[in-house]
Amino acid sequence: GKPTVLLFLLPQELEFLISLRAANIHLTEHQFNNKNVPNLQAHFEKIVGENYFLHQSAQQAYRSYILAYNSHAMKDIFNVHSLSLKDVAASFCFRNPPKVDIGLEGRAMKKVGYNRGPDSRERRTRRRINAANP
């Protein structure tokens, strides 16, 4: 049969639907009532925050998402600088964006909390969750 795909789009990404329609891809929109969806965000944030391996995996996934978003060919729709990194971080079960080096210059790098300076690595390492500091 035909492949089926479920897309979750940010408001600024809705223009992508025009490209899909131009490619003769059949689209069906589904509306979800927030009242029917339980709010599990705080519960998942707690689990990821307390488990070293889940935290590391979520941090790598967060970094990969931002890098993939930045490398997308349709920059007018998928513009990494238009992302709310706090909201993106929440989708990976972080209360605040983790400090990761994503190699982007300017505003995006500042927004993810990448610090430069002689003792910034020491400060980041001291606060980091690891096997010895779960």
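The values are calculated or read from the model by the stated rules, or taken from the named source; none is laboratory data. No experiment lies behind these values; they were computed from the predicted model shown. Every residue, glycine as well, gets a Cβ built from its backbone with ideal geometry; the counts of neighbours run over all protein chains shown.
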Check off (1) among the hydroxyl-bearing types (Ser, Thr, Tyr); (2) loosely packed, with under 10 Cβ neighbours inside 10 Å; (3) farther than 22 Å from PRO11 by Cα for THR28 and give me the number that stays unchecked. (3)
Right, ALA68: surrounded by 10 or more Cβ atoms within 10 Å (Cβ to Cβ), of a type in the set (Gly, Ala, Ser) and either closer than 27 Å to THR4 by Cα or at pLDDT 90 or above (or both) or not? yes
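Does the stretch 92-103 contain at least one residue that is of a type outside the set (Asp, Glu), assigned to a helix (DSSP H, G or I) and at pLDDT below 90?
Filtering the stretch 92-103 down to residues of a type outside the set (Asp, Glu) leaves 92-100, 102-103.
Checking which are assigned to a helix (DSSP H, G or I) leaves us with none.
For the stretch 92-103, residues of a type outside the set (Asp, Glu), assigned to a helix (DSSP H, G or I) and at pLDDT below 90: absent.
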List the pairs whose first member sits in the stretch 38-54 and is among the basic types (Lys, Arg), whose second member is surrounded by 14 or more Cβ atoms within 10 Å (Cβ to Cβ) and in a loop (DSSP other than H, G, I, E, B), and whose Cβ atoms are under 9 Å apart, counting only residues at least 6 apart or on separate chains? LYS46/CYS93
